[in-house]
Structure formats: C-alpha cells, structure tokens
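Read the structure below first, then the notes.
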Amino acid sequence: MTGAYNFAYLDEQTKRMIRRALLKAVAVPGYQVPFAAREMPMPFGWGTGGVQVTAACLVPADRLKVIDQGADDTTNAVSIRKFFELTAGVATTEETQEATIIQTRHRIPEQPLTGDQILVYQVPIPEPLRFLEPRETETRKMHALEEYGLMHVKLYEDIARHGHIATTYAYPVKVEGRYVMDPSPIPKFDNPKLSGCPALQLFGAGREQRIYALPPYTQAVSLDFEDHPFDPGTWEEDCALCGASDSYLDEVIIDDAGGRMYVCSDTAHCRGRRRAGHVGAMGAPYEEAPFKEAEG
Amino acid sequence: MSAAPLLQVSGLSKYYGPRMGCTDISFDLWPGEVLGVVGESGSGKTTLLNCLAGLMVPDAGRVVYDTRAEGPRDTLAMAEPERRMLMRTDWAFVHQNPRDGLRMGVSAGANVGERLMAVGARHYGRIRGAALDWLGRVEIAADRIDDRPSAFSSGMQQRLQIARNLVTGPRLVFMDEPTGGLDVSVQARLLDLIRGLVRELGLSAVIVTHDLAVVRLLAGRLLVMKEGRVIEAGLTDQVLDDPQHAYTQLLVSSVLQV
C-alpha cells in the first residue's frame, strides 16, 4: 500500500455510505438500493460499481480474486486486481478456494463457494424491467406493488419468436418470492448457483448507482412458464483442455477453416483439473508455467 | 339486472390551477349500460374520463364502483395496489391513439397476453390460445399474432387495443374517442365490432366522443358537456331528436348531412 491513497482508494466516509447501502440491500434481498456512486479511475462499464462494493468490503487480511468472464487473465480482471494491489496492498490469488472476496464480471466460479467468501458482481443495468418499461418512476412502482407480469411478456415474446426462451444471460430471477432481480449478465447456466449459495452475493452498478444483494442461503428462482420450464443449458462437447463435462464452455475459433475448440470459461477451475491429472481431447499434460509474470 | 348501479359518480370536480377541467359531475351507470359523453373540444370530456378511470386524481367528488368481491367501494379512497389491480382486471381503457394503449415493441400476441400474465397466468400455451381467440373476435387474422403492432394499420391497432383490454373479461370499459382518426369505412366496421362485443359480453361502458353518430349507434344514454359542466342528460335518441339546451341544438344541427 502506498501512502498516496486511503486504504482501498475510497475515503472512509464514502465506504461508510456504501456499507449502509449494503446493509440495507442485505436486509431486503433483491431490492435495488440507491447509493451515491463515485467517479472511479476507470470508465463506466468497466466495473465501477463492483469496484466500489469491493473497496467498501475489503480489510487488510483479505485475499482478493478478480475474474472477467470466468478468466483471471483478461484485461478487466488484471487491471482491477492491480488496482487493489496498488491501493489496498491486499494479497491476491487466482484460486477460487483461497479467495475471501471475489469480484466477478459475468460469471460465477465453477467451484462451490463457502460461507467465508463474498462474491461481488459488476452490474451494467440493474433494472430487469428496463427494456420493457423505460420510466424509472414506473418500474419502481412496479417493484413496490409486485407487478411483474411484464417480465413474462418478455419471455412470451422469446418463445413466440424463437420457439423457446431465448434469453441466455441476465436471466431474471425472483428472490424469496418477492423482488424480481437481474443477476447481472451471467449466463443462465449460472442461475442455479445463485440460489441457496452459502457465500454473500453483492451486486454493484456504478453508472446506475444501485446496490443489491443476495444474503447467504437465499432462494432465487429463475422465471419461466409452466409449459416452458427454465433450462440452464448444456453442451454436447467437453472442455478440450481439461475434459470437464459440467462446466460453462467458451467457443474458441482456432483457424480459418472453421476449426474450433470449447474450453472452460473458468480458467482457475480448468487449471485445477489439469493439475489434478485430467486431460481433454486437445490438451497436453499439465506442467507449471516456466516463468511467472512479475507481481504488482 | 342487479339492484345497484355499477358506477356512482357524485360531485366530481377537477381544476387545473385556476382553470376548470370539469365540475360537479354526477351520474349513475347501471350494469350493461353504455353512456355517451359528447361535447366540443375543451369541454372537459377527457378530463372526466381520466378522473373516472383513476388516471387523474379529481379535486372533489366520489367515484363509487360496485366491486365483485366487496360491493360498492370509493375508488378514490382505495389503496393504490387495489386500484391498479382493478384497472387491469375489471376495468378497461381504450385510448384514442392506439399507440398510447399498446406496447409497440412486442408482438400482438404478447400485447393481448400481457393482462393475463399480469394477473398470474404462467402457461404459455393457454396464454397463446386466449390471444388467438381474442384476435379472432376482433377480426385480426391468426397469422398476424407474432407481428408487432407497428406493422398494423391504425384500424387494426385500434382493434388490437380492444382485444388487449377485453381479454381479462372486464365489466366496465372507458373509451376515449375510440374511432378518432379512422376513415369512415374503418370507423363503421369498428363501431359494429364494439357494438357486438358490448351486447355479447354485457359490458358497461363510458364512451367519450365528439362524434354524434358514434353515440347514436352505441350509447343508450347521453351526457352533453360544455365548459366543464353537464348541460343536458337523457336517453340518446331523446337528446338527439329533441335537444332542449341551446348548445345541444347547435351541436345536433352542426352535423353534416350527406
């Protein structure tokens, strides 16, 4: 930690304000709590909400993991991890089980989380009703009065157009039978992991200035129709590197002739499996990287 | 015929600052009755309708509605969730401009199904079945169910708006110039459709219009408004054939004869 910044960048009064919003969000699961989001040294859309929530939760003993679409080594993840290494001086890790706080963009780690962990989501648009009802005054009223028919209009439209519910990410959930919530743009594959999770799940939307939360072991039910039940989706392929058949896979184009491979989007999960001796169809036996990037 | 009026309005007034919107309006609407409200532009017809339908809060007066569950209730004193529930189940509101009453971004089927989903329908097949049934009843071809209303003509949009409103089986329909902006042949077809539906479903309706032909066809009883007040009321044929008030006489004599 350098002396130029307060611990974790934000000043203590701002953290206090955010923690108050977090407490309210935890008390009313799924309810969007307004908060006075600050300008952060990164553009909106890059996780300003998640970063502020993480900053308000961090203590010096924490070990932080940051993932972007499941990966630890993409731009967004690397820059946010470096940001907290610089401003908070906390330890960081790429291993899911070692982390105490995980900030994520668009994925939930494959490895089950524990009660000692906090998962912080970066949220671009917190309002699940937004695309059908542009008025904020009206959507707030709809939440207050539990008027959620419109959410099903969207799903109806999906089935009418595509023959099945074609919403594959940011799939809306109903929290404890009350608030309908946008789980951020995680794939619907991850939706079942939201419900009953032992870890505390916090959602921060910086530009929209909203915080919401799922306390541990909160029920979150994906919306559906009786005759078109929710389906998290599966792949015919296994991970080409580690052979996993139950993880979320990214499609990677590998040549100009239409060749492709499917690999785990959760890089830590894939590496862990390969270390344990699993090898996929296109994978080589695991060996430790010969050199490691300089830290900090 | 039930013993109580469906809607009892007494002393209803609405002011826009110092200007009067409508004042001291009182009438009863009985089950199965269609009431026409006519008058020139600015006479307070639409203000009255918006106050009745709960879209606007009047400054004075009572609007008592005979609810299915609990009998007569003052809708203005109701809690908001209750009133909104009433508005999307037992009441219907047909706007003059169908774009105000339709959701233009989703298909016709979703438009009709929205009210059903709003009251808890969660079976896609049954929602679609009801939508198809209602599209048929308002003479929209079944193969248009997945088209957006923006691909419809204005006459079709107006019929779609009616289907969307009637799908939950409301008892009271508010219509604001339902035929405004349509050409005469489309108007005639729409009026015929509305008349059929009103008779068939035993609907009560309040229809605001400046078109005397519309009330002649649809309404059993008539209120004539001028400058925010009701100046003449009575059976439609009686008012139109033997107008008493000077303004009503002017109104009736202003109709162009072809």
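Bear in mind these aren't lab numbers, they're just calculated from the coordinates by the rules spelled out. The model shown is predicted, which means the values in this text are computed figures rather than measured ones. As a convention, Cβ positions derive from the backbone with ideal geometry for all residues, glycine included, and neighbour counts pool all protein chains shown.
A few comments on the model shown:
- Cα-based reach from A:Lys174 at 26 Å (exclusive), listing lysines while leaving out same-chain residues under 8 positions away: A:Lys24, A:Lys141, A:Lys154, A:Lys188, A:Lys193
- Selection of GluC sites (Glu not before Pro), the range B:174-258, meeting DSSP coil and at most 14 other Cβ within 10 Å: B:Glu227
- The average projected area of the range B:16-164, computed from the convex hull of its Cα atoms over all directions, is 10.8 nm².
- Most fluctuating residue given options B:Ser153, B:Ser107, B:Ser26, as computed from a GNM of chain B linking Cα atoms under 10 Å: B:Ser153
- Across peptide B:126-134, the mean count of Cβ atoms from other chains lying within 10 Å of each residue's own Cβ comes to 2.
- Its residue count N fixes a reference of 2.2 N^0.38 Å for chain B, and the Cα radius of gyration divided by that reference is 1.01.
- Sparse packing (at most 12 other Cβ atoms within 10 Å of the Cβ) combined with a DSSP loop state is found for the following GluC sites (Glu not before Pro) in the range B:21-96: B:Glu70.
- Whole-Å distance, taken between Cα centres, linking the range B:221-258 and the range A:259-277: 81
- Neighbouring partner chain Cβ atoms per residue of A:138-145, average, 10 Å criterion: 2
- Counting, for every residue in B:105-115, the Cβ atoms of other protein chains within 10 Å of its Cβ and taking the mean gives 5.
- Under 9 Å, Cβ to Cβ, from B:Thr168 - net charge with Lys/Arg +1 and Asp/Glu -1: +1
- The range B:1-78, Rg to Rh (Cα coordinates; Rh as Kirkwood inverse mean 1/r): 0.98
- For the range A:19-119, the relative contact order comes to 25 percent (Cα pairs under 8 Å, sequence separation of at least 6).
- Stokes-Einstein diffusion for the protein assembly as shown, with the hydrodynamic radius set to the Kirkwood value over Cα pairs and evaluated at 37 °C in a medium of 0.692 mPa s, equals 120 µm²/s.
- Fluctuation leader among A:Arg130, A:Arg19, A:Arg81 - chain A, Gaussian network, Cα springs under 10 angstrom: A:Arg130
- Rel. contact order, % - alpha carbon contacts under 8 angstrom, at least six apart, the range B:123-254: 16
- Expressed in Å, the radius of gyration and Dmax of the Cα atoms of the range A:209-280 are 17.1, 48.
- Computed label-point distance, nm, for sites B:Asp74 and B:Glu40 using a 7 Å Cα→Cβ extension: 3.6
- Where only C-alpha atoms are counted, convex hull volume of the range B:213-258 per residue in Å³: 77
- Cα-centre dipole for chain A with unit charges at Cβ (Lys and Arg positive, Asp and Glu negative), debye to 20: 1200
- As a ratio to 2.2 N^0.38 Å, the alpha-carbon radius of gyration computed for the range A:111-262 takes the value 1.16.
- For the range A:1-135, the alpha carbon positions stretch 44, 35, 29 Å along the principal axes, listed from largest to smallest.
- Relative pair counts by distance (%), Cα atoms of the range A:62-127, 5 Å bins: 4, 19, 31, 26, 14, 6, 1
- Applying 0.36 nm per residue to the separation of A:Lys82 and A:Arg161 and subtracting their alpha-carbon distance, the gain on full extension is 24.0 nm.
- Antiparallel bridges, percent of DSSP beta bridges restricted to chain A (to nearest 5): 60
- Relative contact order for chain B, counting Cα pairs under 8 Å that sit 6 or more residues apart, in percent: 26
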